[in-house]
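The values are calculated or read from the model by the stated rules, or taken from the named source; none is laboratory data. This one's a predicted model, so the numbers in the text were calculated from it and none came from an experiment. Here the Cβ positions follow ideal geometry from the backbone for every residue, glycine too, while neighbour counts run over all protein chains shown.
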Amino acid sequence: MIVYVEALLFDNFCLDYLLARLTLIIRGKALHPLVFALSATVGCVVALFFPLVSVPWVLPVKVGTLLVCTAIFSFGSSLKEYAINTFLYLLLSFLLCGILSFLLGGSGKNGVIGVSFGGAVGAISLGVLFLLYAVRQVRGLLREAKKKDRIVVAELVNHDKRLKMEALYDSGNLLTDGNGKGIVLTDAKRLSELGELCALGEMQVNTATGGKVLKLVKIPEIKIYSQGRENILTNVTAALSDLPDEYAMILPCE
């Protein structure tokens with residue numbers, strides 16, 4: 001059987017790239033594509049010269065290639081992380097090679113889909129990579145769309161002063177005042193533009209980074225604009241904090 005070098009390199013590069021990418025997807029980690037490309041290039045070089053390897057060295061070369069490939073995209077990780085990556089990479093190698101053998105066949109015989117041309121493995125690997133990319137993009141768009149539905153414009157009113165800011169509806173904001181009404185979190189620096197507000201003391205808040213003591217103030221009126229509708233809240237209790245630039249207020253979910 002004739003094996004073309006370009007097909008061999010294409011097949012090995014795409015498959016090794018896919019294996020490395022899938023390994024870190026399962027681990028929930030992300031790296032620059034060049035790291036995966038470097039790992040796949042090592043597999044390509046070994047595959048190119050593998051026919052020259054004598055029988056006693058076949059297993060050591062395969063194991064060594066596995067360890068080097070996984071070491072490249074595990075660089076900087078702990079020994080435990082490296083071991084897990086290596087195991088997943090090896091497991092995925094067996095699974096994918098088994099699937100591809102079933103689809104394409106082995107020893108020159110056609111498999112289920114009836115193709116045997118050089119580069120078929122690479123073409124399938126590329127297809128899976130593009131599918132993974134498409135799924136990631138769609139998930140990102142859906143996440144952004146969902147986030148946009150939760151972001152509104154809030155206009156704060158204090159006598160003759162008005163202040164507009166972006167606000168986020170957050171189900172995680174469960175803060176309530178003494179009457180059981182929801183408390184809004186707002187950026188202390190931005191709120192200073194609204195002028196003097198009635199102080200309501202302080203409250204202890206537990207966050208992921210530890211406990212905080214936040215000052216409380218009373219905002220006479222907040223107008224919320226969302227999807228062409230206006231909702232007016234009066235005498236709102238606000239807790240002063242430091243919020244990110246994307247939005248300067250966090251509203252209770254309800």
> If you check 91, 142, 168, which single one turns out to be modelled with pLDDT of 75 or more and in the same structural domain as residue 200 (by TED's automatic domain parsing)?
Replying inline: 168
> Taking segment 178-197 as the region of interest, how many residues are more than 10 Å from residue 243 (Cβ to Cβ) and surrounded by fewer than 16 Cβ atoms within 10 Å (Cβ to Cβ)?
Replying inline: 8
>> Can you say whether residue 141 is in contact with a helix residue (DSSP H, G or I) (Cβ under 6 Å, 6 or more places away or on another chain) and either surrounded by 13 or more Cβ atoms within 10 Å (Cβ to Cβ) or farther than 14 Å from residue 247 by Cβ (or both), as far as the supplied structure shows?
In response: no
> Based on what the data block shows, is residue 20 closer than 20 Å to residue 129 by Cβ, surrounded by fewer than 15 Cβ atoms within 10 Å (Cβ to Cβ) and either at pLDDT below 90 or not hydroxyl-bearing (Ser, Thr, Tyr) (or both)?
Replying inline: no
> Condition test on residue 48, is it out of contact with any strand residue (DSSP E or B) (no Cβ under 8 Å at 6 or more places or on another chain) and either part of a loop (DSSP other than H, G, I, E, B) or outside the structural domain of residue 85 (by TED's automatic domain parsing) (or both)?
Replying inline: no
>> For a quick check of your reading: which strands (runs of 3 or more DSSP E) sit entirely within segment 162-243 and have at least 2 residues that are within 16 Å of residue 151 (Cα to Cα) and without any contact (Cβ under 8 Å) to a residue 60 or more places away in the chain?
In response: 229-241
> Restricting segment 56-77 to residues that are among the small types (Gly, Ala, Ser) and part of a helix (DSSP H, G or I), which is nearest to residue 17 (Cα to Cα)?
Replying inline: 71
